[in-house]
Protein chains: 2
Amino acid sequence: MKKRPTILDVARHAGVSKSTVSLVLQNSTLVKETTREDVAKAIADLGYVYNRSAAGLRGAASGLIGLIINDLRNPFFTEFAASAQMTFAQKGYSTVIANTDEDPDIQAQVIDSMIEHDVSAFVISPSYGGDEQPFDRIRRAGIPTMQVLRQVDERTDLFPFASHDYKAGGVLATEHLIDLGCRNIVFVGGLEDRPITLERMSGYVETMGAHALVPSVFHGRPSRVFGREIALKFLDSHRQIDAAICFSDLVALGMLSGLAEVGIRVGEDFKIVGFDDIEESSLAYPRLSSVRCDTALFGKNAAEAMLAWIVDGERPPDTKRYGVELTKRQSSLGAG
Amino acid sequence: MKKRPTILDVARHAGVSKSTVSLVLQNSTLVKETTREDVAKAIADLGYVYNRSAAGLRGAASGLIGLIINDLRNPFFTEFAASAQMTFAQKGYSTVIANTDEDPDIQAQVIDSMIEHDVSAFVISPSYGGDEQPFDRIRRAGIPTMQVLRQVDERTDLFPFASHDYKAGGVLATEHLIDLGCRNIVFVGGLEDRPITLERMSGYVETMGAHALVPSVFHGRPSRVFGREIALKFLDSHRQIDAAICFSDLVALGMLSGLAEVGIRVGEDFKIVGFDDIEESSLAYPRLSSVRCDTALFGKNAAEAMLAWIVDGERPPDTKRYGVELTKRQSSLGAG
DNA sequence: CTGAAAGCGCTTACAG
DNA sequence: CTGAAAGCGCTTACAG
């Protein structure tokens, strides 16, 4: 394998000094236009490839973004990650993605590894748990870091947090169901005591209270499997319940599957509203009503906020919540 | 922000030379055990972080794997990517992931960017199309590269290909449906003339022929939306059809949704077999029969094959196909 | 088993 | 607007 050409080869080929080539590479305005063209031609002729390791050694930014996701297989997070990655790519940044599978040890390991690779920034949807402050090593390394979707480190002055306004979503969903005449509304899914569960529940609990109705919560994993299990149980034990707000669309889709199996007609006998409005929800039967968090847009916004930070020095606010809306479909309205 | 300690600081702190520290960092067997411990302690004391840029400049491997995926939002590919990434992470490799969204221009761009970052290897599930040979720049850079799941470059001697034995899967699915008494079996989804479509169809076409039955294919995007559309059309025009083999589970799940909507009982009036056996398929109602390609295992296998290549120099075979099996569930067997 | 020295390919002041 | 020189933090022969 032939050695790759270096900046020095390019300089010789173009008849300039290597400093000049370096300036061209950085799009400096100091270089005369004709010189720039000569250099560009030399680069093309030689098939020169920029060596970021060498640049990194001299202090240049790596152009690498660390994106750490607690559950990459969940379509909600996949959508977020794909959107953020593509936004970064458009601006010339590469993204190192790691799935931590909710494991704080794996998370600690990938953080260390990414620090070694000198990532220019971290965007983290963190895992819960773990003994130490997971972000302390990042802080020591002085790398700009945003927490997204989940806040596990309370120091939002150091690690700004961005998410959706889940509480407002809970309010919208609950009022919608009450408007439709439901009174025995339950909240299904979400692990107990998790901040995100509390947020997504809070609007429901508050709105139920405001209407003198009694809230009731079935905690559990935010998965299809759990939704399905709960749905199968409704049959035996809680026939008076007439509606459910689900922690996530996955839970709601699981309930849809379970209720279909036991012959309960969703939209008629029983109403369901999900959370996230993932793509699949508009294609399910019956089509699922859901609190829409535009995740693709959120991923783009988060990536752009991070770029504004590392490129222009505009630090994001400590906490930023993006608005949500309620998408009403068959699962609450009934057959259209 | 204080400057990070370097190998020289560690050397001073441990009372050795920096060469020795470097050897310790590389787990060299040349270093005396007590010396190694001294160095390890100094590293911990100082909070030293290995600088991979500097190492890269001297020719060390970057420990970065480029993973390029044509459609990261599709759960089939998400599962593959997450599994491969976690396997690499376990061995200390970080993974740069890029979603190309089936766009060959984006693909070319991220390949260039990853080459600049000096990735040690590429694992690519490529996009179709584009003017130039997308892998030519990789070849010039001399980076080990595997094609997975889709073969777009015929030079498998340069870019080994690994996938599932889709043809065998098509045979299994078709024979299963014929055994159940179906005769008017169609194949639904998959873009025309794509190699992967041809592969997944081929077992179906062949088996139909062997039973003197006429194959019939409805080409289309491998999406829920397409599956749903086709299902809604069955109602009007093709009542004689009694079963479908779908290009992917996404198509099958779309059909399930559409058929539920028009009141056709899947498993009884109409039988469906999907392809991929994604997690959701076992939770759908009715539960979906599917050709199981163990994607998580495949991701792990592909990652390990790549590691064997770059670590031990064991090049994968030109073409490797992993076995598939048929998971029979309600959508073909009927209600259990 | 350990140390002194050269050099990887860039960027960055500093001259001119 | 361009060039000569130093140096970023490692690794790698080479001595010892």
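For the range B:47-55, indicate whether the set of residues that are more than 9 Å from DNA strand D (Cβ to nearest atom) and touching a helix residue (DSSP H, G or I) at 6+ places or on another chain (Cβ under 7 Å) is non-empty. Even if it seems obvious, please write down each step before you answer.
Let us first name the residues in the range B:47-55 that are more than 9 Å from DNA strand D (Cβ to nearest atom), namely B:47.
Okay, now just the ones that are also touching a helix residue (DSSP H, G or I) at 6+ places or on another chain (Cβ under 7 Å), so B:47.
Yes - at least one qualifying residue is present in the range B:47-55.
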Which ones in the range A:40-55 are more than 7 Å from every other protein chain (Cβ to nearest Cβ) and crowded, with 22+ Cβ neighbours inside 10 Å? none
Residue check, A:ASP105 against (1) more than 11 Å from chain B (Cβ to nearest Cβ); (2) open to solvent by less than 10 Å² (accessible area, probe 1.4 Å); (3) on the phi < 0 side of the Ramachandran plot, all met but one. Which one? (2)
Identify the residue in the range A:1-39 that is more than 21 Å from B:ASP112 (Cβ to Cβ) and acidic (Asp, Glu) and, among all such residues, is least open to solvent (accessible area, probe 1.4 Å). A:ASP38
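Given the options A:GLU154, A:GLU192, name the one that is part of a loop (DSSP other than H, G, I, E, B), free of Cβ contacts under 8 Å to residues at least 12 places away in the same chain and away from chain B (no Cβ under 14 Å).
On the way: A:GLU192 fails: free of Cβ contacts under 8 Å to residues at least 12 places away in the same chain.
Residue meeting the stated conditions: A:GLU154.
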Output the residues belonging to the range B:56-92 that are open to solvent by 20 Å² or more (accessible area, probe 1.4 Å) and at the interface with chain A (Cβ under 8 Å from one of its Cβ atoms). B:LEU57, B:ARG73, B:PRO75, B:GLU79, B:MET86, B:GLY92
Assess whether B:SER19 counts as being in a loop (DSSP other than H, G, I, E, B), polar (S, T, N, Q) and either without any contact (Cβ under 8 Å) to a residue 12 or more places away in the chain or away from DNA strand D (no atom under 16 Å from the Cβ) (or both). no
Condition set outside any loop (DSSP other than H, G, I, E, B) and at pLDDT 90 or above, scope the range B:57-70, selection farthest from DNA strand C (Cβ to nearest atom): answer is B:ILE69
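Tally the residues that are surrounded by fewer than 22 Cβ atoms within 10 Å (Cβ to Cβ) and either on the phi < 0 side of the Ramachandran plot or out of contact with any Ser or Thr (no Cβ under 9 Å at 6 or more places or on another chain) (or both), restricting the search to the range B:259-279. Steps first, please.
Of the range B:259-279, the ones surrounded by fewer than 22 Cβ atoms within 10 Å (Cβ to Cβ) are B:260-265, B:267-270, B:279.
Now narrow it down to the ones that are either on the phi < 0 side of the Ramachandran plot or out of contact with any Ser or Thr (no Cβ under 9 Å at 6 or more places or on another chain) (or both): B:260-265, B:268-270, B:279.
Total satisfying the criteria: 10.
Taking the range A:233-255 as the search range and keeping residues that are buried (at least 16 other Cβ atoms within 10 Å of the Cβ) and without any contact (Cβ under 8 Å) to a residue 40 or more places away in the chain, which one is farthest from the other protein chains (Cβ to nearest Cβ)?
Filtering the range A:233-255 for residues buried (at least 16 other Cβ atoms within 10 Å of the Cβ) gives A:234, A:241-255.
Of the ones still in play, those that are also without any contact (Cβ under 8 Å) to a residue 40 or more places away in the chain are A:234, A:253-254.
Numbers: A:PHE234: 15, A:LEU253: 8, A:GLY254: 6 Å.
Ranking the qualifying residues of the range A:233-255, first place goes to A:PHE234.
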Under 8 Å between Cβ atoms, at least 6 apart or on separate chains: pull out the pairs that start in the range A:197-225 with a residue that is closer than 14 Å to A:LEU250 by Cβ and not assigned by TED's automatic domain parsing to the domain that holds A:TYR128 and end on any residue that is basic (Lys, Arg) and open to solvent by 50 Å² or more (accessible area, probe 1.4 Å). A:ARG200/A:LYS167
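The values are calculated or read from the model by the stated rules, or taken from the named source; none is laboratory data. Because the structure is predicted, anything quoted here is derived from the model rather than measured. All Cβ positions, even for glycine, are placed from backbone atoms using ideal geometry, and neighbour counts span all protein chains on display. Just the protein is used for accessible areas: all its heavy atoms, side chains included, with ligands, DNA and RNA removed. Shrake-Rupley method; radii C 1.70, N 1.55, O 1.52, S 1.80 Å.
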